[in-house]
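Working notes for the structure below.
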Amino acid sequence: MSHVLYLRLMAVDREQVLRSAAALLSRKGAATMDEVARAAGISRATLHRHFAGRDALVRALEALGIAECEAALEAARTDEGPAAGAVRRLVGELQSAAGLLSFLYSENQLFEGEEQNAGWARLDARLTELFRRGQESGEFRIDLTPAWLTEALYGLLASGAWAVAEGRVARNDFTRMIVELLLGGALRRE
């Protein structure tokens, strides 16, 4: 087998392991590395060849989550049209990543100290700008800061993902429920 083909196979396997880990940890945040390996259909030794431990796995999931959020921001075209419409599109685009985001949201060590991934700051800046644009256009209330609206969106995404995973909310209602609650509180009323 050529070195390039071997590296491609390793990348595909690593991606599959990350996806399996994300699916499991989204449902069971305290899952052990043994459980992650079983969910991915690999041995614990293989899992450790990809990720030296839980922290390395969580950091890789963080990078995946940030990449998925950045892709959702692009797909939602958040700089186009009314801000409220952009929020609706964004929540719809984020639905597939919401479970992973709910897990990451609960991993406090990702948001503390000097090792914080710069991707979170990029995401925060883009979301904050979306809410600021909505305030400047007169769509959103100005007594709620763009930073608070950004945090509220993260919290609602995490809560919505947990509710769907627990079967308390239908998957098809995810986007509508989050958008209606967030915008219901954020829209400016005359």
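Key figures
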| read-out | value |
| --- | --- |
| Residue check, Ala22 open to solvent by less than 60 Å² (accessible area, probe 1.4 Å), of a type in the set (Gly, Ala, Ser) and under 28 Å from Arg141 (Cβ atoms) | no |
| Residues of the range 133-150 satisfying the condition of being open to solvent by 80 Å² or more (accessible area, probe 1.4 Å), closer than 14 Å to Leu183 by Cα and part of a helix (DSSP H, G or I) | Trp148 |
| Qualifying residue in the range 66-73 (condition: open to solvent by less than 10 Å² (accessible area, probe 1.4 Å) and over 24 Å from Ser159 (Cβ atoms)) | no |
| Residue under evaluation Gly81, criteria (1) within 25 Å of Glu180 (Cβ to Cβ); (2) among the small types (Gly, Ala, Ser); (3) assigned to a helix (DSSP H, G or I), criterion not met | (3) |
| Among the candidates Glu35, Glu68, Glu115, residue that is free of Cβ contacts under 8 Å to residues at least 12 places away in the same chain, in contact with a helix residue (DSSP H, G or I) (Cβ under 9 Å, 6 or more places away or on another chain) and in a helix (DSSP H, G or I) | Glu35 |
| Matching residues in the range 22-32 - criterion: being part of a loop (DSSP other than H, G, I, E, B) and touching a Leu at 6+ places or on another chain (Cβ under 6 Å) | Ala31 |
| Hey, Arg88 at pLDDT 95 or above, basic (Lys, Arg), open to solvent by 70 Å² or more (accessible area, probe 1.4 Å) and part of a helix (DSSP H, G or I) or not | yes |
| Any chance Val91 is under 14 Å from the mean Cα position of the chain (by Cα) and of a type in the set (A, V, I, L, M) | yes |
| Pairs where the first residue, in the range 123-152, is farther than 20 Å from Ala71 by Cα and the second is among the polar types (S, T, N, Q), C-beta under 7 Å, 6+ apart | Ile142/Gln135; Pro146/Thr128; Pro146/Gln135; Ala147/Thr128 |
| Cβ-Cβ under 9 Å pairs, at least 6 apart or on other chains, the range 156-180 side at positive phi, far side open to solvent by less than 60 Å² (accessible area, probe 1.4 Å) | none |
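The values are calculated or read from the model by the stated rules, or taken from the named source; none is laboratory data. Just so we're clear, the structure is a prediction, and the values are computed from it rather than from any experiment. Don't worry about glycine lacking a Cβ; one is built from the backbone with ideal geometry, like all the others, and counts go over all protein chains shown. Surface areas here come from the heavy atoms of the whole protein model, side chains and all, with no ligands, DNA or RNA. Shrake-Rupley method; radii C 1.70, N 1.55, O 1.52, S 1.80 Å.
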